[in-house]
Amino acid sequence: MRGYAGKILEVDLSSGNIKETKISENILREYIGGRGLAAKILWDRLGGKWEGIDPLGPENLLLVFTGPLTGFAPGGRICVSGKSPQSNGIIGSTFAGEFPIDLKCAGYDGIIFAGVAEKPTYLLIKDSDVELRDAGHVWGKGAKETVLALAKEARKNFEERYRGRGLWKEPSMMYIGPAGENLCRTAAVMSKLTHAAGYGGYGAVMGSKKLKAVLVKGTGPLPEVHDIDKTMGCIDKIVKINLSNDLFRRWGTASGGYIFGAEVSSEPIMNWQEEWHNNESFGVDKFETSWVKIYWGDFGCATTCLKLAVINSGPFRGAITDNPDYENQAYLGTNLGIFQPEANIYLTSLIDELGFCGIQIGNVLAFAAELYQRGILTKDDLGGIELNWGDAKAFATLVKMIADRRGIGDIFAEGTYRAALKISSVKGMDVTKYAITVKGVAIGAHGIRSEKDYTCYVSYPCSVQGGDHTSVAQIPVERGELMTILYDSGVVCMFNFFGIPEAIWDLLEAVTGWKITPEEWFNVLARRILHIQRAALLLGGPDLKWDPRVHDDVPQRWYEPLTKGPYSGKAVDRNRMQESVKEYYRSIGWNDGGIPASSELRRLGLEDVDKKLERIRGSFQ
């Protein structure tokens, strides 16, 4: 097998047993790696009892998988997956950095964690030497203390065990903050202080397993490829095109904080009450004044879209983060009524430190602020916080309460949708209409009302990953998450393939030797993965299940017209939405009730999935 290390680590945290396993080449060709392979393994091991598995219970698995293109495509990425505590389905969530490269160079394509550790634990990997170690001294610590302490400890360990090696560079690391430890469903799996696998809530899954961190140092080479000359030629082509993208290299997605509001009216403002602004104080040139390092990238990435932002003076002095990127600009900025770059950098730095996903926690904060705006939640309900739009310090106080699960923070730690259900029950009124989520997952910062950004109505309603803006449904289906599944299974950064989608097919063949055509991918391989994810999502449980007739829909807010900007008056048309959903069902192979059709599943060899869905298929007609 070319492009693969050839082994998977399996770690049983309950017993402490660690073993190596291999995945057959046939399975790898069908599911590739990353998101696809994770979906396959999760279904094979948990599918028979899916509805009864608590995502934060001991039966859930946490999977961390690279793909064959990890380390070869510009920008190294890895996919984190499991049963999601947000959607109760399977979500593939990726992050970038050196961690996936070190893991492959250590000889592993991925790690499967099962069970629950008796006490806070971290996993230390140095090539084939793998051990579980005590993490009690960093449990409760934020990102900076955790990274510094564990990196120092690992280097000391290596120097003592491998004498004569000289100075060791610190190992790569993935970890959780207090949000994950306290099982906040909006917690992310973190890396490099600011990198995060945010969608899915897998930081909480790590916390439920008492797994604080994974450290890895690989000293071997990357795996061999099928055709090294062709591989290098593909990489050269991609890199040259990436280097020509001057604006993206200079600003990354950070130019979006102004553009998506002012030019296309699709930016969340005050919990999506509006999507247009022309506030030039939130322009990328204003953020740029806080950047102390530019053209910063992850392993092998020529795009280098990351920027290091530092606030050196004023009320937010000491804040440090990257960029922030557009999603954090929007969700921790405009969506909270904040149009001051320094305040946005401060909040982004805080959620990095505590281990939150910026999109998910920003969605929660805006939901809380709107309830306060409307008098549904009071200052007393909020523990004395006056949660006014634009007040970064007030939002920071609430973020800390959520991370610690103090007071009403305990409710908001469940994520927006579950918090809405709880508050509706306590207040005796329906507040779910203020929850801007799809199937328990906060929507990315791209609206569809103006139809100038995301133009397809089914983008979020029919996505197997709920509100994930990187994995949206599309018509025609080849333009949507069937393509994203390839990026997430590869595992690569989709930004490096913008404008050159054909490059990934050439690179995949050069690395693996497999001739996978777009036709085979879109009609067979990607659909297998998609249908497994859809099946898991609809089975759900144990606390929430989704009915396609109700939940294959946008948030109710988006049926309300925009009232400001050039697209004032535009809203989602309910009849068009219903017709678009039906059209997508037909295009992707689902029946009229939104369930993968029996004939489609059997065509793809997914008889076990078909059998599992048979008992719910009739109820959703």
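The values are calculated or read from the model by the stated rules, or taken from the named source; none is laboratory data. Keep in mind that this is a model prediction, so the values were computed, not measured. Here the Cβ positions follow ideal geometry from the backbone for every residue, glycine too, while neighbour counts run over all protein chains shown.
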Problem set entry | Flag for residue 477 being under 18 Å from residue 548 (Cα atoms), of a type in the set (A, V, I, L, M) and more than 16 Å from the chain's Cα centre (by Cα) | no
Exercise. Can you name the condition, by its number, that residue 125 falls short on among (1) modelled with pLDDT under 95; (2) assigned to a strand (DSSP E or B)?
Worked result: (1)
Exercise. If you scan segment 596-621, which residues turn out to be without any contact (Cβ under 8 Å) to a residue 60 or more places away in the chain and not in a helix (DSSP H, G or I)?
Worked result: 597, 621
Exercise. Picking from 564, 570, 545, which residue would you name as being in contact with an Asp or Glu (Cβ under 6 Å, 6 or more places away or on another chain), among the charged types (D, E, K, R) and farther than 30 Å from residue 231 by Cβ?
Worked result: 564
Seminar exercise, completed: Across segment 9-29, the tally of residues that are more than 20 Å from residue 225 (Cβ to Cβ) and either assigned to a strand (DSSP E or B) or touching a residue at least 60 places away in the same chain (Cβ under 8 Å) (or both) stands at 12
Exercise. Do the conditions hold for residue 47, that is, is it farther than 30 Å from residue 233 by Cα and either in a helix (DSSP H, G or I) or out of contact with any Asp or Glu (no Cβ under 9 Å at 6 or more places or on another chain) (or both)?
Worked result: yes
For this session: With the checklist (1) in contact (Cβ under 8 Å) with a residue 24 or more places away in the chain; (2) closer than 18 Å to residue 274 by Cβ; (3) surrounded by fewer than 23 Cβ atoms within 10 Å (Cβ to Cβ) in hand, flag the one item residue 329 doesn't pass.
Result: (3)
Exercise. Looking only at helices (runs of 4 or more DSSP H) that fall completely inside segment 391-495, which ones have 2 or more residues that are of a type outside the set (Phe, Trp, Tyr), without any contact (Cβ under 8 Å) to a residue 40 or more places away in the chain and in contact with a helix residue (DSSP H, G or I) (Cβ under 7 Å, 6 or more places away or on another chain)?
Worked result: 392-404, 409-412, 416-427
Exercise. Quick one: in segment 568-595, which of the residues that are part of a helix (DSSP H, G or I) and either of a type in the set (Asp, Glu) or modelled with pLDDT under 95 (or both) is nearest to the chain's Cα centre (by Cα)?
Worked result: 583
